[in-house]
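The values are calculated or read from the model by the stated rules, or taken from the named source; none is laboratory data. It should be emphasised that the depicted structure is a prediction, and the values quoted were computed from it without experimental measurement. Using ideal geometry, Cβ is built from the backbone for each residue, glycine included, and neighbour counts are taken over all protein chains shown. Each accessible area value is taken on the protein alone, full model and side chains, heavy atoms only, with ligands, DNA and RNA left out. Shrake-Rupley method; radii C 1.70, N 1.55, O 1.52, S 1.80 Å.
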Amino acid sequence: MDPPVSGFGPVRLLVLQPTPFCNLDCDYCYLPDRGDRTRLSFELLEAALERVLESPFFDGGFTLLWHAGEPLTLPIGFYDEASRRIQAVLERHGLPPSTVVQSLQTNATVINQAWCECFARNDIHVGVSLDGPAFLHDAHRVTRTGLPTHAAAMRGVNWLQRCAIPFEVISVLTADGLDHADAIADFFLEHGIADVGFNMEETEGANAHSSLEAGAAERPALEGRYRRFMERIWQRSREHPDALRIREFDGITSLACSDGRLDHTDMNSPFVIVNVDARGNVSTFDPELLSVRTERFGDFAFGHVQRDRLVDLAASDKFRQVHREIRAGVERCRASCDYFGLCGGGAGSNKYWEHGRFDATSTEHCRYRIQLVADVVLAGMERELGIAG
């Protein structure tokens, strides 16, 4: 008899780690073992797809994200064969090709015309990790021998633009970027990069300390710098609404304009996200939990794709403990935080790395990514509507 799964899923994202290896050595990366050249086998790829498609959490379609390492350190032929196998699995299930949408997150340093042709023929959506102008990007994103990578990343971006491959950028915001809002905005505008999301540097996994952490005495000044950064980025994005779209602003504006509120997030809801590492270990919740080890839980793998159905994972003791603690944290957030409707209880990984538990409430992540940004966006909207106090 299957365990109860009411309220779990549906699967919206299958995160596959093609390899843990990365050709860069970014100083804020959360992933351990970035020198590990293990490669996801096609048998594990097919097993992961079968586990999703056979499960009660499948409801018609999802994104397959190649992530958690640098995907493009594998050859183009890997993605051609992977795409062929994905379609073969879908055909066996009588499902249309559109059921699975492929995406990947890359540092772009090796992108050339051949890679762009691969993205086009396999309909792979592209996300690029790029921290703005070279003086900020190269301060943190270097090769394994310590060399700067901005020029190589921009060559990749130029190839994407030349070949008309759409892409979005994720830019990691560290403390040294907070005083350079105009330089960052100018960079994206000058290079025709319109879709940008800011990820704050997080205390997470292998990155034991974020430059955005501060003690009680230093916190007001650091938060003030962050707020002023976001206020200036808001102004610049409003001056160029079609040329600079900021993910965080769009999300909060959409909720405010629709009077919508979040009750949960994909990262604190079981089996909305399914994560599989290069060895076939499988988990759910935040992708960032999969490849790390902790003293309390060991790793966060709940099973293996060649051995366990997704519904069986939900019956494991480790899953039940993690899920119970995550839900307790969400309910504590719901009861105590005025911003709950904008974050839905946050991400369990941030709570765990900052507090050592999933049932915590406020984190640096939610303070910076939700609360301060929401204050900036709502104040800006009020000014534009002429209702600011």
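Where is the GNM fluctuation largest for the chain (alpha-carbon springs, 10 angstrom cutoff): 162, 92, 232?
Looking only at 162, 92, 232, the largest GNM fluctuation is found for 92.
Set Lys and Arg Cβ to +1 and Asp and Glu Cβ to -1, take the dipole of the chain about its Cα centre, and tell me which of 188, 333, 97 lies farthest positive.
The one lying farthest along the dipole's positive direction is 97.
When the convex hull of the Cα atoms of segment 27-97 is projected onto a plane and the area is averaged over all directions, what value comes out in nm²?
That works out to 6.0 nm².
Find me the longest stretch of the chain that has none of the exposed GluC sites (Glu not before Pro), where exposed means in a DSSP loop (not H, G, I, E or B) with at most 13 other Cβ atoms within 10 Å.
1-217
Dipole magnitude of the chain about its Cα centre, charges +1 at Lys/Arg Cβ and -1 at Asp/Glu Cβ only, in debye to the nearest 20?
With Lys and Arg at +1 and Asp and Glu at -1, about 400 debye.
In the Gaussian network model of the chain, springs joining C-alpha atoms below 10 Å, which of 283, 254, 269 carries the largest mean-square fluctuation?
Highest fluctuation of the listed residues: 254.
Please report the relative contact order for segment 256-360, taking Cα pairs under 8 Å with a sequence separation of at least 6, and give it as a percent rounded to a whole number.
This gives 30 percent for segment 256-360.
How large is the helix-only mean residue ellipticity at 222 nm for the chain, computed as the sum of -39500 (n - 2.57) over DSSP H runs with n ≥ 4, divided by its residue count, in deg cm²/dmol to the nearest 500?
Theoretical 222 nm ellipticity from helices: -11500 deg cm²/dmol.
Compute the length gained on full extension between residue 123 and residue 23: take 0.36 nm times their separation in residues and subtract their Cα-Cα distance, giving the result in nm to one decimal.
Separation in residues times 0.36 nm, less the Cα-Cα distance, equals 33.6 nm.
For residue 312 and residue 144, what does the FRET efficiency come to when R0 = 56 Å and r is the distance between their Cβ atoms, rounded to the nearest 0.05?
0.90
Return the carbon/sulfur percentage of the accessible area of the chain, one whole number, probe 1.4 Å, all protein chains in place.
50
Just to be sure I understand: with springs between alpha-carbon atoms less than 10 Å apart, which residue in 34, 227, 307 has the highest mean-square fluctuation in the Gaussian network model of the chain?
Per the Cα network of the chain with a 10 Å cutoff, 307 tops the list.
How far, in nm, would the chain grow between residue 92 and residue 320 when pulled straight, counting 0.36 nm per residue and subtracting the alpha carbon separation?
78.8 nm
Rounded, prolate or oblate: which one fits segment 175-235, using the alpha carbon gyration tensor with axes a ≥ b ≥ c (rounded when a/c is under 1.5, else prolate when a/b beats b/c, else oblate)?
The shape class here is oblate.
Subtracting the Cα-Cα distance from 0.36 nm times the residue separation, let me have the gained length for residue 259 to residue 382 in nm, one decimal.
42.8 nm
May I ask for the equivalent-ellipsoid semi-axes of segment 213-326, computed as the square root of five times each C-alpha gyration tensor eigenvalue and listed largest first in whole Å?
37, 20, 14
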